[in-house]
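Participant: Sharing a structure, written as structure tokens. Questions coming.
The values are calculated or read from the model by the stated rules, or taken from the named source; none is laboratory data. Bear in mind that the values here come from a model prediction, so they are computed numbers and not experimental data. Cβ coordinates were reconstructed from backbone atoms using ideal geometry, including for glycine residues, and neighbour counts include every protein chain displayed. Calculation scope for accessible area: heavy atoms of the full protein, side chains included, ligands and nucleic acids excluded. Shrake-Rupley method; radii C 1.70, N 1.55, O 1.52, S 1.80 Å.
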Amino acid sequence: MRPLVLGIETSCDETGVGIVRGDELLANVVASSMDLHARFGGVVPEIAARAHLEAMEPTIERALAEAGVTLGDLDAIAVTAGPGLAGALMVGVGAAKALGVATGLPVHGVNHLVGHVAADALAGGPIDEETIALLVSGGHTSLLHVRDVDADVVTLGETIDDAAGEAFDKVARLLGLGYPGGPSIDAAAVDGDPRAIAFPRGLTAPKDRERHRFDFSFSGLKTAVARHVERTGDAGELRVADVAASFREAVVDVLVTKALDACAHTGVPRLLLGGGVVANARLREVAAERCEAAGVALRVPPLALCTDNGAMIAGLGARLVSRGVAPSAPGFGVESTLDAGIVQVG
Ligand code: KG4
Ligand code: ZN
């Protein structure tokens, strides 16, 4: 059975609606409110929620038109129930429930993080083997052991403070670069020396590894950059390109080192990347090099499926429907801190 599923994603600042038939991608429409947050240097939850409300109906219409289907053709609706910004999630869940009531279709409230993993099946073929997944975006930084995408996902570690993308955004602000920080730091780093400044690698010291082997921390790095900028700025010696390149190197080094440590620890020689930070040129390069050296197969979905989107939610929903998983209970709610171990709520 290849169910036709519409997926709705509103966990952060992207209103995403995707339509799949099994693991075939039919439509992937995203309306982003990123520009509205730019002057604040980060996502403002209330603004994001309001923007979802405005974008929801036209985005659904566009996705249906792109896929060439009507609501009546669908087999099910999937929606992100968490993790994410509560107010933003509520808009998506409300829309999905309304559609469910209007059409009589079953509604599956699913996990956003697991959706990132499922996204790869829409482009890279089935994910039927165990894999380690590194998910890095403005909202999350998680290392998952995916034994079975539909049913058995274990969180190995996550950030204990800022998300990786958030660190890019905050450091970009310190350096006077634009939002979102990832692309502007990537651009500024082109002529920089990644070895110019030895910035700290969070939670990699032996004493931290005991408790936080697979967790991440970027706040110490951010503070180190702030101190460096202050000191060199006063002396008129700030070299933005070197700071950007050295900062980026520190983030990428920690992400790839911990991901490969997870592969070694679990004995799973496969790594899958997801999330907006995967757009980072250096992350892709270092991950490819080090995975090859370690004999780990690397899967990186196309960028449109890495950043937040509705197709990944539809894809996960279709997997659940194919497996015969019952829909969520009608009263299911949003869970802003939902753990990746819970693939579907209620
Ligand atoms: O997955 P995504 O679109 O969703 C949210 O978390 O909203 O990720 C956005 C994040 C932002 O923090 C942005 O700075 C980061 O991804 N990002 C990057 C790059 N492009 C976007 N980080 C590093 N390098 C990039 N080239
Ligand atoms: Zn995400």
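Participant: Add -39500 (n - 2.57) for each DSSP H run of 4 or more in the chain, then divide by its residues: what number comes out at 222 nm, to the nearest 500 deg cm²/dmol?
Facilitator: Value at 222 nm, helices only, nearest 500: -14000 deg cm²/dmol.
Participant: State to the nearest 20 debye the size of the charge dipole of the chain about its Cα centre, where the only charges are +1 on K and R beta carbons and -1 on D and E beta carbons.
Facilitator: That gives a dipole near 420 debye.
Participant: Based on DSSP loop calls and a cut-off of at most 12 other Cβ atoms within 10 Å, the longest stretch of the chain free of exposed GluC sites (Glu not before Pro) is what?
Facilitator: On the way: sites that count: Glu129, Glu237.
Result, exposed sites excluded: 1-128.
Participant: Compute the distance from the alpha-carbon center of the stretch 119-182 to that of the stretch 31-110, in whole Å.
Facilitator: 21 Å
Participant: Based on the alpha carbons, how large is the Rg to Rh ratio for the chain when Rh follows Kirkwood?
Facilitator: That ratio is 0.99, to two decimals.
Participant: Still on this structure, please answer the following. Contour minus end-to-end for Glu285 and Glu57, with contour as 0.36 nm per residue of separation and end-to-end as the Cα-Cα distance?
Facilitator: 78.2 nm
Participant: Please name whichever of Ala241, Val225, Thr159 sits farthest to the positive end of the charge dipole of the stretch 149-260, dipole taken about the Cα centre and charges placed at Cβ: Lys and Arg +1, Asp and Glu -1.
Facilitator: Val225
Participant: Picking from Ala81, Leu25, Phe40, whose Cα lies most toward the positive end of the charge dipole for the stretch 1-118 (charges on Cβ: Lys, Arg +1; Asp, Glu -1)?
Facilitator: Highest projection toward the positive end goes to Ala81.
Participant: Under 8 Å for C-alpha pairs, at least 6 residues apart: give me the relative contact order for the chain, rounded to a whole percent.
Facilitator: Relative contact order for the chain comes out at 27 percent.
Participant: Could you look at the chain and say what percent of its accessible area is carbon and sulfur, using a 1.4 Å probe and all protein chains?
Facilitator: The computed percentage sits at 52.
Participant: Hey, what D do you get for the stretch 153-296 in µm²/s if you plug the Kirkwood alpha-carbon radius into Stokes-Einstein at 25 °C and 0.890 mPa s?
Facilitator: Approximately 157 µm²/s, per Stokes-Einstein.
Participant: Per residue, how many Å² of accessible area does the chain show with a 1.4 Å probe?
Facilitator: 41 Å²
Participant: So, with +1 on the Cβ of K and R and -1 on the Cβ of D and E, and no other charges, what is the size of the charge dipole of the stretch 202-346 about its Cα centre, to the nearest 20 debye?
Facilitator: On the way: 17 positive and 16 negative charges, 68 e Å.
Magnitude of the dipole: close to 320 debye.
Participant: Given +1 on the Cβ of Lys and Arg, -1 on the Cβ of Asp and Glu, and no further charges, what dipole in debye does the stretch 230-302 carry about its Cα centre, rounded to the nearest 20?
Facilitator: Computed about the Cα centre, the dipole is about 380 debye.
Participant: So what's the angle, to the nearest 10 degrees on a 0 to 90 scale, between helix 240-266 and the longest Cα principal axis of the chain?
Facilitator: In the chain, helix 240-266 runs at an angle near 60 degrees to the longest axis.
Participant: Of all beta bridges DSSP finds with both residues in the stretch 1-109, what is the antiparallel percent, to the nearest 5? All intermediate terms of the calculation are to be shown ahead of the outcome.
Facilitator: On the way: 14 of 21 bridges.
The antiparallel fraction comes to roughly 65 percent.
Participant: Within the stretch 127-217, report the trypsin sites (Lys or Arg not before Pro) that DSSP leaves as loop and that have at most 14 other Cβ atoms within 10 Å.
Facilitator: Within the stretch 127-217, the qualifying trypsin sites (Lys or Arg not before Pro) (loop, at most 14 other Cβ atoms within 10 Å) are Arg195.
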